[in-house]
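Read the structure below first, then the notes.
Quick note: the coordinates plus some simple rules give every number you see, no bench work behind them. Small disclaimer: the values here were computed from a predicted structure and weren't measured. We place every Cβ from the backbone using ideal geometry, glycine too, and count neighbours over all the protein chains shown.
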Amino acid sequence: MRAALGGPRLLLRRLREIMAEPINAQVRLDKIVINIASNMVAEVCSVYVQRSDGRLELFATEGLKREAVHLTTMRAGEGLVGLIASTAEPLALSDAQANPAFSFKPETGEEIYQSFLGVPILRGGNTLGVLVVQNRARRVYPEEEVEVLETTAMLLAEMIASGELQSLAQPGAAIAMTGAMSLKGIGIVEGVGLGYVVLHQPRVVVKKIVAEDTASEAARLDAAIEQMRASIDALIERGTQTGPGEHREILETFRMFANDRGWLRRLREAVATGLTAEAAVERVQNDARARLQRSTDPYMRERLHDLDELADRLLHQLTGQTLIVDQASIPENAILVARSMGPAALLDYDRSRLRGLVIEDGGASSHVAIVARSLGIAMVGDVSNITTIVETGDAIIVDGATGDVQVRPQPDVEAAYGEKARLRARRQERYRGLRDIPPVTKDGVQIDLHMNAGLLVDARHVEESGAASIGLFRTELQFMVAAQFPRAAQQFALYKSILDAVPDKPVTFRTLDIGGDKILPYMTRLDEENPALGWRALRIGLDRPALLRAQLRALLRAGAGRELRIMFPMVTMTNEFDLAKAMVEREIKHLLRHGHGVPSSLKLGIMAEVPSVLWQLDEIMQRVDFVSVGSNDLFQYVMAVDRENKRVSGRYDLLAPPVLRALKSICVSGEAYKIPVTLCGEMGGRPIEAMALAALGYRGLSMSASSIGPVKAMLLALDVADLTVKMDGWLGRLDGSTTLRPLLKDYAQRHEIPV
Ligand code: PEP
Ligand code: MG
């Protein structure tokens, strides 16, 4: 027998009434299963809820033995119910016992039921439980009945997510959606943040599931689809004016999906079953997500992002909610959670309220990471699915050193992290105490500690950290966080503000280092096979002289009457420095001719970050005023490992003999020519690496402000002459070691050097 036509709508209406009744959770759940069973003419209807330990627990049943409720549990993957939970797909069987996955639980008495229909209870792509109906006789469940059950499961998903069922959970067996979860990502910016989730680009939470009037819901859906299409067309139209490129391709794919007949049909059918338009969008998206998430094809998985975004757009259209977080509603201790995020978006938030940042995509050298580091916000990246696991307002802890993220932590976990945060604050306090102590080793060698910067907010850290100077100012950050190309006047204003903010300390400005992984959102993206080996940094500056000229002019004007240091990135051949220097000289003449002031002292240098520099050291040292080693890029080129490619970036060690020998040769050459050589890559800020660099002969290191304290503490305990002798010995050995790290660690331990 079939459910009567109109049955699904009647069922939904009845369930909505039950949801509104002032009764306790168990009674409500029991009523729900009775109603589903009778509406679907099934002898059994049961609800299994997923617990945070991964087991599925029987929470309510009509038809099975009542004693089994809250007693029967199964593992994910165990039996038919476990199978549905792990595949997140419905399962309809007319002869359930013949299925190899069937395993019956004697306490339930289910062995007498032949046919079985089960659907996952899904929310935001997560399985929260399984809803099952069973019949004694053999029966084929038609597609419409599967859909009715899926729709009903959405109501249950809301009930589970609301936390109402939590009171029914056994001690120690919390419900997954509301229980504690421990997630692991990659630690990106050190620090411990405790606070509450703020979802960047909040998802629309669909609260109204059952339609009052199906015809008007269908009309709302159609209107929203029309508006969404129009907005995508407008985006493409705007894209056409700024030229072709990948951006446009993405939008075209988007348009294709928005017009996909299958997708639109599924949406309309879902509304026809009695759902509101937004609930229909969510249901269809739940199905698509479950299907695509299991796909092993990376292209298909990527499409999931597109579909998710389309569904998001539709939901925002339907509910009239904006995509932007209301800044006023952000709590005092906010932890931002985002699928992905650009650097400008992060700067839009009120820094004083942010305690941490968790991102689904995005590694250590992503641009948002650079900004998070400047702002001193603990950050963890590469945490898959976090935006679907948490909700705004959930308690959360971020550990940027280990990459651990604790969602809805238990009190003891929270206490442990609270202690960790306090310890860290005490350590920071100790480092602050070192601020005015000169960075001199135990045997009296001074190693200057400079600071890396890129934003105006960084300037205050110079004083706080006791940095000798700004050793690297990445001018591209201003370009990366802007919505459009910064004009010459804006560039001048930033450079002048920086110089004014640190009047008594030098600033080394690096000219625009864009291209490669540093993409400006408003510039046409080049389709390069190997962007790291492509058109980037000084190469762009020399090919587009107007761009570099404008920047040089802004720098020279900002530095009028004082010391200015300019550094060129990615110099590959000596003549590139000559050409850049000639441009600087032309600009000086131009400024003088027009009666402008120029710097009282000007120093020009290069980044040593392309290996070709290693075999041109003599030519280079005779030309430049200083050299700064870009170990991030030098390492990627020397070892042929893409710094952005997680599969290989951890494969080799920075303390490998070939890398250290290369670094040493630059330093030795600088000494011979009396040209100062510093290092400004990330390794300079890590105490053990900094210790190795000091022993190689480096007398200047530039690093993020927060690294200055730990590196100074290391230096104060180091006898650099002693380690230099040891290092020479280790580097002279030809035993094929892959890294000197264990030897250096052991040395630090024996000499009580904090690394
Ligand atoms: C480097 O390459 O080491 C460096 C300091 O520059 P960036 O990380 O900006 O490429
Ligand atoms: Mg570089």
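In this simple spin-label model, placing a label point 7 Å from the Cα along the Cα-to-Cβ direction at both Arg741 and Ser216 gives a separation of 6.4 nm.
Among 25-32, 185-192, 429-436, how do they line up by average Cβ neighbours within 10 Å per residue, starting with the highest?
185-192, 25-32, 429-436
Of the residues Gly403, Ile606, Leu71, the one whose Cα sits farthest toward the positive end of the charge dipole of the chain, with +1 on the Cβ of Lys and Arg and -1 on the Cβ of Asp and Glu, is Ile606. If the label point is 7 Å along Cα→Cβ of Lys496, which residues in segment 580-618 have backbone nitrogen under 17 Å from it? Output list for this probe position: 591-592, 594-600.
Principal-axis analysis of the Cα atoms of the chain puts helix 488-501 at an angle of about 70° to the longest axis. Here segment 434-750 is assigned +1 on the Cβ of each Lys and Arg and -1 on the Cβ of each Asp and Glu. Its dipole about the Cα centre then comes out at about 560 debye. With the charge dipole of the chain set up from +1 on Lys and Arg Cβ and -1 on Asp and Glu Cβ about the Cα centre, the Cα lying farthest toward the positive end among the listed residues Leu591, Leu168, Gly471 is that of Leu591.
On the beta carbon distance between Ala721 and Gln484, with R0 = 60 Å, the FRET formula returns roughly 0.65. Structural size metrics of segment 408-485, computed from C-alpha coordinates, are Rg and Dmax of 18.2, 51 Å.
Model label points for Glu43 and Glu226, set 7 angstrom from Cα along the Cα-to-Cβ axis, are 5.1 nm apart. For the chain, the C-alpha radius of gyration divided by 2.2 N^0.38 Å, with N the number of residues, is 1.14. Selection among Ala153, Ala334, Leu267 by position relative to the dipole of the chain gives Ala334 as farthest towards the positive end (Cβ unit charges, Cα centre).
In the distance distribution for segment 2-168, Cα-Cα pairs more than 23 Å apart total 30 percent. Model label sites at Ala76 and Arg432, defined 7 Å from Cα along the beta-carbon direction, differ in position by 4.4 nm.
Helix 261-272 versus the longest principal axis of the chain: what is the Cα-based angle in degrees, 0 to 90, to the nearest 10? It is inclined by approximately 50 degrees.
Taking the Cα centre of the chain as origin and charging only Cβ (+1 Lys, Arg; -1 Asp, Glu), how large is the dipole, in debye to the nearest 20? Before the final figure, lay out the partial values.
Numbers: 89 positive and 95 negative charges, 303 e Å.
The dipole magnitude comes to about 1460 debye.
The stretch between Ala180 and Phe104 holds 24.4 nm of extra length on full extension. This uses 0.36 nm per residue minus the Cα-Cα distance. Count Lys and Arg as plus one, Asp and Glu as minus one, and take only other residues whose Cβ is under 13 Å from that of Glu78; the net charge is then +2.
With all projection directions averaged, the alpha carbon convex hull of segment 434-750 covers 16.5 nm². Relative to the longest principal axis of the Cα atoms of the chain, the long axis of helix 411-433 makes an angle of roughly 10 degrees.
What size of dipole, in debye to the nearest 20, comes out for segment 413-462 about its Cα centre when the only charges are +1 on Lys and Arg C-beta atoms and -1 on Asp and Glu C-beta atoms? Present the calculation step by step, with values, prior to reporting the outcome.
Numbers: 10 positive and 7 negative charges, 45 e Å.
It works out to roughly 220 debye.
Among 10-17, 730-737, 105-112, sorting by the average number of other beta carbon atoms lying within 10 angstrom of each residue, highest first, gives 10-17, 105-112, 730-737. Using the Cβ-Cβ distance between Arg586 and Asp618 with R0 = 30 Å, the FRET efficiency computed as 1/(1 + (r/R0)^6) comes to roughly 0.65.
Taking packing as the residue-averaged number of other Cβ atoms within 10 angstrom, the listed peptides 114-123, 590-599 run from highest to lowest as 114-123, 590-599.
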